[in-house]
Amino acid sequence: MKFIAFDVRDDEKTYFLAWERENNIKVTLDSGVLDDQALEKVKGYDGVLALQTRAYPAGMFEFFKKHGIKVLSVRNVGVDNLDLKAAQANQILVTNVPAYSPNAIAEFSVTQLLQLLRQTTIFRQKVAAHDFRWAPYIGEELCSKTVGVIGTGRIGKAAIKIYQGFNAQVIAYDLYPDPKLKSQGIYVPTLADLFQQADVITLHLPATAQDHYLLGEKAFAQMKQGVYIVNTARGALIDTKALLAALKNHRVAGAALDTYENENSIFNHDLRSQPFDDPILAELLVQPNVLITPHIAFYTKPAVENMVLIALNSAKAVCQQGKSDNLVTK
Ligand code: COI
């Protein structure tokens, strides 16, 4: 049995090498993305590991089938960029890492919200310019806010626990409510209720065709004046143009975006000497009340270790037993 892993970063290598030694299974590490050109490289392997938010090559699963590859094991949770129907049609099993560290993402989203509430970006800029005055940048307190959590899976649950630790009032919405959370009475019946009641809206749901632009013009119009938005989930959940408009008319007081709908050619790239052509992002980047981070909520040592090891173990289980606890295809 042998595997090839794409998009491998230096910070993942130690975990790959340790697993390879322990399991005596060859894993070829490739730092490039799995795109059309890279597809040729998978020939001769039993399983492929990948991690990317951009689309995978069209026809990838047919190619895998033709070359005897049994499994695609992604080292992340989101599978919105994969054609799972094509995987099934070609009998390729796909696994993800459903819970590498819900806390990594939950902690990061709360961190970003706190920075928005205390306007730390502005203070950092002012202090760097030796302006040490306070006013008029007075802060808000999380304990007096109603936080609306959309999506109460593992990450949403971890976020709720943290927010409750801050004594914030938490309300939540999920198409599939969690029975334990339901007994706490935190669910509101509709998204509109959440929009109307929340001082903070934090997204913790996957991107599907149904929730594309979940937060768009209509949703922003229903929200409280001065609401804060946090998105560490997927860029496609927010109509960024509508968000910019809502920031300009002060419906939205601040936004922390770790994901962005057009992030693929920008986030995790060094563009210091290469200007990017994205006027919307360029405008967001200069807003003092917007925090942009390049999809790093997941990026902690425990999470990265889990992503690598769980993905490898899933690929091995599929090759040896034809199944894995982390299958996203049948
Ligand atoms: C995910 O796990 O789906 C993430 O958003 C992390 C990212 C590295 C793809």
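The values are calculated or read from the model by the stated rules, or taken from the named source; none is laboratory data. Predicted, not measured: the structure shown is a model, and the values here were computed from it. Reconstructed Cβ throughout: ideal geometry from the backbone, glycine too, with neighbour counts over all protein chains shown.
Here are the numbers for the structure shown:
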| read-out | value |
| --- | --- |
| PHE123, sole failed condition from (1) within 16 Å of the ligand (Cβ to nearest atom); (2) surrounded by fewer than 18 Cβ atoms within 10 Å (Cβ to Cβ); (3) modelled with pLDDT of 95 or more | (1) |
| One residue from LEU117, LEU93, LEU84 being closer than 24 Å to ALA168 by Cβ and touching a residue at least 60 places away in the same chain (Cβ under 8 Å) | LEU117 |
| Residue among LYS145, LYS157 that is modelled with pLDDT of 95 or more, touching an Asp or Glu at 6+ places or on another chain (Cβ under 6 Å) and under 27 Å from MET223 (Cα atoms) | LYS145 |
| Test: residue in the stretch 95-102 that is over 20 Å from GLY322 (Cβ atoms), among the aliphatic types (A, V, I, L, M), part of a loop (DSSP other than H, G, I, E, B) and in contact with a Pro (Cβ under 8 Å, 6 or more places away or on another chain) | no |
| Checking THR95 against (1) in the same structural domain as LEU191 (by TED's automatic domain parsing); (2) within 16 Å of the ligand (Cβ to nearest atom), the condition it does not meet | (1) |
| Lone unmet requirement of (1) part of a loop (DSSP other than H, G, I, E, B); (2) among the hydroxyl-bearing types (Ser, Thr, Tyr); (3) within 16 Å of the ligand (Cβ to nearest atom) for SER314 | (1) |
| Residue match in the stretch 242-264 (condition: assigned to a loop (DSSP other than H, G, I, E, B), aliphatic (A, V, I, L, M) and modelled with pLDDT of 95 or more) | no |
| Subset of the stretch 49-70 (residues that are within 16 Å of the ligand (Cβ to nearest atom) and under 23 Å from LEU309 (Cβ atoms)) | LEU49, ALA50, LEU51, GLN52, THR53, TYR56 |
| Scan of the stretch 220-235 for residues that are crowded, with 20+ Cβ neighbours inside 10 Å, more than 16 Å from the ligand (Cβ to nearest atom) and of a type in the set (A, V, I, L, M), ordered by number | MET223, VAL227, ILE229 |
